[in-house]
Structures are given as C-alpha cells and as structure tokens.
1. Is it the case that some residue within the range B:53-66 is at pLDDT 95 or above, open to solvent by 40 Å² or more (accessible area, probe 1.4 Å) and within 11 Å of DNA strand C (Cβ to nearest atom)?
2. Scan A:His198, A:His150 and give me the residue that is within 7 Å of chain B (Cβ to nearest Cβ) and modelled with pLDDT of 90 or more.
3. Residue under question is B:Pro96, and the condition is that it be assigned by TED's automatic domain parsing to the domain that holds B:Phe174, open to solvent by less than 40 Å² (accessible area, probe 1.4 Å) and more than 11 Å from DNA strand C (Cβ to nearest atom); does it hold?
4. For the range A:104-111, does any single residue satisfy the condition of being in contact (Cβ under 8 Å) with a residue 60 or more places away in the chain, at the interface with another protein chain (Cβ under 10 Å from one of its Cβ atoms), crowded, with 17+ Cβ neighbours inside 10 Å and touching a Ser or Thr at 6+ places or on another chain (Cβ under 7 Å)?
5. Please give the number of the condition B:Phe26 fails out of (1) within 14 Å of chain A (Cβ to nearest Cβ); (2) buried (at least 19 other Cβ atoms within 10 Å of the Cβ); (3) away from DNA strand C (no atom under 11 Å from the Cβ).
6. Can you tell me how many residues in the range B:185-206 are among the hydrophobic types (A, V, I, L, M, F, W, C) and out of contact with any helix residue (DSSP H, G or I) (no Cβ under 9 Å at 6 or more places or on another chain)?
7. Tell me which of these B:Glu77 doesn't satisfy, since it passes every other one: (1) open to solvent by 70 Å² or more (accessible area, probe 1.4 Å); (2) out of contact with any helix residue (DSSP H, G or I) (no Cβ under 8 Å at 6 or more places or on another chain).
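The values are calculated or read from the model by the stated rules, or taken from the named source; none is laboratory data. None of these values were measured; they are calculated from a predicted model. Counting neighbours? That spans all protein chains shown, and the Cβs are built from the backbone with ideal geometry, glycine included. Side chains are part of the model used for accessible areas, which takes the heavy atoms of the whole protein and leaves out ligands, DNA and RNA. Shrake-Rupley method; radii C 1.70, N 1.55, O 1.52, S 1.80 Å.
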2 protein chains.
Amino acid sequence: MPHDTQFSTRQRILGAAEELFAERGFAGASLRQVTAAAKVNLAAVNYHFGSKDNLIEEVFRRRLDELSHRRLERLAEVNRSVAPTLEAVLDAFIMPALELSLDREGGSVFMRVLARAFAEHNSNLRKFLSDNYGHVLKEFAAAFARLLPHLSKDELYWRLDLAVGALTYAMADFGMIQRRSGETERQHREQMARHLVHFTAAGLRA
Amino acid sequence: MPHDTQFSTRQRILGAAEELFAERGFAGASLRQVTAAAKVNLAAVNYHFGSKDNLIEEVFRRRLDELSHRRLERLAEVNRSVAPTLEAVLDAFIMPALELSLDREGGSVFMRVLARAFAEHNSNLRKFLSDNYGHVLKEFAAAFARLLPHLSKDELYWRLDLAVGALTYAMADFGMIQRRSGETERQHREQMARHLVHFTAAGLRA
DNA sequence: CCGCGTTTCAAACAAACGTTTGAAGCTTAG
DNA sequence: CTAAGCTTCAAACGTTTGTTTGAAACGCGG
C-alpha cells in the first residue's frame, strides 16, 4: 500500500464529491465532474471506490464516524453530570455538528449532503445510515426520555422527530436567513445553534 | 385547443413526473421513466411543456397555486377574528398542506417534491418559488410579528425559519416515525399536524 | 538497479440522457 | 368531404452517463 499519492487521490475525490453532491445531488453530480474538480483521472473513482454508490457511502462514513463519536462523547459527559438539562443534551447533539460545519473546508458542505440523504427516499442509503449510525439517535432518545418522563413514548418520539427536522433544516442552510454583512460565518452559525437549542428545547417541553 | 386527450396527456405527465421526482429527484428521474409511467410518448413532454425544466416548474405551479390561495384565505379568516392566536395562524399555514396531502392520489407525494426543492441549491428553482409564492410567507411573517411583539425582528425570523424547517421535514415524511399498524394514513397525518402545531407554537413563544 | 505491486492514464464501451424531426393520426370547422 | 390544426408517434440526433480495459508510470524492497 503506497502512502501519499493514494491517500491524496482518495481524499481529493472525497472532497470534490462532497462538494458536488451538496450542490447538485447524488444523481446530478457526475463522476466526470467530480474527477475534474478533484484533478484526478476519471477511472480513479472506480479504482479506489469500486462504484459511484460506494463513493457516496464513503463520503458519509468519513464525516459521520467522527461526528457520531463526538456526539456520544459529549452525551456521556452530560449523563455523568449531577443534573443534566434538556439544553445540555441538545448541546451534546448540536455542538459537534456545529464544530464540524466550522471545520476547515468541507465541513459546512457536508451538512447539506446529509440533508440530501433525508430527501432521497433511497432505501439503500437509509439502511446504510440507520445500520451504521442509528445507535446514536437511540442513545439520545433515551437521554431525552429520562429528562421528559411525563411524556408518553408516542409523544416523545413525535417531538424528537420534529426537533431533528428543525435541526437538519437549519444545519443544511435550507432556510431563507442569510448571513448579515458585518458577521463572520462562525458568528452566524454560532447564533444559529443558540436559537436552535432554545427553539427545540421549548418545543420538546411544550 | 382540443379538450380531453390533451388535458389527459398533460395531467398524466404531471402526475407521473410528480411521483418520480419525489422518489428519485429531479435529476434522478428521466423523461423516459416519466413518459413510460404516464403511458404517453416520449416526445409528449417537450411538446406540452417545452423542456424538462418547464415541466418541473409546472409540477410546482399545479399544486402551489391552490395551496397558497387556501393558506391566505384561512389567514385572512384568522386575522378577521377578534383574538387571533398563534395556534390559529399556524393552523392556517399547516391545515391546507395537510388537506392537500390527504387529497386523492398525489397530494402526499407533492409535499416530498416540495422538500426536494429546499434540498436543491438550484437558484433558478428557488427564484421561481420566491417570485411566485414568496408573498405568502411574507403575510404569515407579518401575522406572527403581530402576535409576538416582544421578539426582535432578528429573533422572530430565526424562529420562523426553524418552524418552517420542522414543518417541511414533517410534511415530507423525512422522519423515522412510521404509521402504526392499526392507524389509517389520515389519522397518522392528522396526529402529525396536531403535534406540529403544538411543537412549533411552543418554539415560537420560547 | 532490477522487478513487482500499486496507481494513473487515455481510450473506448454500451447504455441512457434531453431534445428534435417529419410523417401519421386525430378532431373539428367550413 | 375536404382542409386545417392539434396531438401522437417511431426514429434518430448528438451528448453524457457509469464502468472497463490494457498499457504506461510510479515507488519501493531486495
């Protein structure tokens, strides 16, 4: 296994694919556009990933492995504390996503790709995400259940679903709110996270 | 202008396109798949709509004209009442969408297509939607502003954005909540609308 | 410095894409 | 009944799609 060249080619493809998938969708972005943007040969995708579908999965895996790990880490911290609050659990879920979206090049773009995955009714993709990262949502659901014991199971699941909706929508920048001129991207996203936690906490408590 | 045949062909194309756009996206659904599903000739799309892009716009126009009209109608009713509530304004926005999604064939599918439009970063499509239906959101924003006078303009816009997010997500069935076995589609959606109003009202009031 | 496994490359593959064409099939008015 | 105007149709247009190929280039251990 060589080192730098292979790594670099793989990484460049993943980066370009992420960007183009966010912009044009999985079907809308062609491998020729991806390889051109990555400045690699067309055949490199099938050499390194086997197929376009595998490339798509790898784009998710690269980011979600770390994102899931950080979320569970912060959730464990919250659970260890003496008096966990709803806001603290929401923070544990939202802050890692915020940090990722503020990462050097690509992080913010990935949240748009993730939102695309929700829009796709593609059952293979949904199964892949559910199989590999479903346990994260399960753990958070349990934490919320502990904090909202007065809610029925049904009631709780409905509200969590809606909270995830607001979160997904906001993180993917679907909305109409634009960054203000005197504001950095970081400031904009931090304020968004603040409103997000406040809004969903109120909704969950109802 | 002929009557039945043309009308039927146009309508069949729109119906099939709506379904396939929801399932596979705008780029993912080909005109050959659409015309095959509609049982019409391939060339019929370009004859009746001019291009695939025009077909996409027409899919939106067919549903949104009526949806927007009903929303404004109900909002006007609420504004005429002696004491409008947050829940009543939310109802005015959500109930017409619920009714559409319960319509005979296609209504529920359209909400998924609409959510795709948010996922697409396509500026042409966003401009089309904003130009033709932006005034509806404006009127609702004004109604909310009147009911939440203690909020700053910024604060209000952030919360509205998040509310639209939860709404879009829920109506498009992005979530993980499945219809329960003993439950009709109508019951499921009505319950969803109930939770949606309750959740977003709490979030808006914060 | 040679040879072998890995990676890149240009080229080609069949299939599918949106769109166009011109003739055939209709329906209706005169 | 004929002529005119829509609508449908099969076929083909040139592109673009994902994937495959076999040879060239590369990097490194022996």
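1. yes
2. Values: A:His150 fails: within 7 Å of chain B (Cβ to nearest Cβ).
After ruling out the rest, the residue left standing is A:His198.
3. Working: assigned by TED's automatic domain parsing to the domain that holds B:Phe174: yes; open to solvent by less than 40 Å² (accessible area, probe 1.4 Å): yes; more than 11 Å from DNA strand C (Cβ to nearest atom): yes.
It is true that B:Pro96 is assigned by TED's automatic domain parsing to the domain that holds B:Phe174, open to solvent by less than 40 Å² (accessible area, probe 1.4 Å) and more than 11 Å from DNA strand C (Cβ to nearest atom).
4. Step one: filter the range A:104-111 for residues in contact (Cβ under 8 Å) with a residue 60 or more places away in the chain, giving A:105-106, A:108-111.
From what's left, at the interface with another protein chain (Cβ under 10 Å from one of its Cβ atoms): none.
Scanning the range A:104-111, I find no residue that is in contact (Cβ under 8 Å) with a residue 60 or more places away in the chain, at the interface with another protein chain (Cβ under 10 Å from one of its Cβ atoms), crowded, with 17+ Cβ neighbours inside 10 Å and touching a Ser or Thr at 6+ places or on another chain (Cβ under 7 Å), so the answer is no.
5. Among (1) within 14 Å of chain A (Cβ to nearest Cβ); (2) buried (at least 19 other Cβ atoms within 10 Å of the Cβ); (3) away from DNA strand C (no atom under 11 Å from the Cβ), the lone unmet condition for B:Phe26 is (3).
6. 0
7. Only one criterion is unmet by B:Glu77, namely (2).
Residue-wise test of (1) open to solvent by less than 40 Å² (accessible area, probe 1.4 Å); (2) within 12 Å of the chain's Cα centre (by Cα); (3) farther than 25 Å from A:Gly28 by Cα.
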residue: A:Glu73; (1), (2), (3): no, no, yes
residue: A:Val89; (1), (2), (3): yes, no, yes
residue: A:Ala92; (1), (2), (3): yes, no, yes
residue: A:Leu114; (1), (2), (3): yes, yes, no
residue: A:Leu156; (1), (2), (3): yes, no, yes
